[in-house]
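Engineer: Sharing a structure below in structure tokens format, with a few things to ask.
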Amino acid sequence: MSKKLLFISLLFSQVLLFGEYEDAQELFNDAACMDCHNNEDFVAKKGKITDFKKLCNIVDACRFSNDADWFDDESLNVSEYLNYKFYKFKK
């Protein structure tokens, strides 16, 4: 019974994470981030973005300079989405 419960819990957590990433991807697309960026921009470059905290700072800078109408938690979700998809930094 406990193995089934553990499996269901893991499955449910993956569904929740996917949902958050899906929402973050929608925010990213709605803000037209790819109008200024391309996939090559989302590669950790020496001295630019070296950890998750710096990634969050860059996402916030883009958010404010482009008047993206995101709440703080949405900006964090976009940062986590970009980290998951491109950077793979430890948090």
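Engineer: Could you calculate the contour length gain from residue 41 to residue 53, that is, 0.36 nm times the residue separation minus the distance between their Cα atoms, to one decimal place in nm?
Structural biologist: Values: separation 12, 0.36 × 12 = 4.32 nm, distance 1.72 nm.
Full-extension gain reported as 2.6 nm.
Engineer: Using a Cα-Cα cut-off of under 16 Å, which aspartates and glutamates could be cross-linked to residue 88, ignoring same-chain neighbours fewer than 8 residues away?
Structural biologist: By straight Cα distance, residue 88 reaches 40, 41, 51, 80.
Engineer: So, one more: Hey, what do the phi angles of region 25-37 turn into as Karplus ³J(HN,Hα) couplings, whole Hz, using 6.51/-1.76/1.60 and θ = phi - 60°, x for Gly and Pro?
Structural biologist: Result, rounded to whole Hz: 5, 5, 4, 4, 5, 5, 7, 6, 4, 6, 5, 9, 10.
Engineer: Residue by residue through region 52-61, which ³J(HN,Hα) values in whole Hz follow from phi under the Karplus form 6.51 cos²θ - 1.76 cosθ + 1.60 (θ = phi - 60°), with glycine and proline marked x?
Structural biologist: Couplings: 5, 4, 5, 4, 4, 5, 5, 4, 5, 4 Hz.
Engineer: Report the gain in length on full extension from residue 25 to residue 86: 0.36 nm times residue separation, minus Cα-Cα distance, nm rounded to one decimal.
Structural biologist: That works out to 20.7 nm of additional length.
Engineer: Also, quick follow-up: Give, as a single signed number, the net charge of other residues whose beta carbon lies under 12 Å from the beta carbon of residue 86, with Lys and Arg counted +1 and Asp and Glu -1.
Structural biologist: Working: positive: 45, 85, 88; negative: 40, 41, 80.
The answer is 0.
Every number in this text was worked out from the coordinates using simple rules, so none of it is lab data. On a predicted model such as this, the values are computed, not experimentally measured, just so you know. Cβ coordinates were reconstructed from backbone atoms using ideal geometry, including for glycine residues, and neighbour counts include every protein chain displayed.
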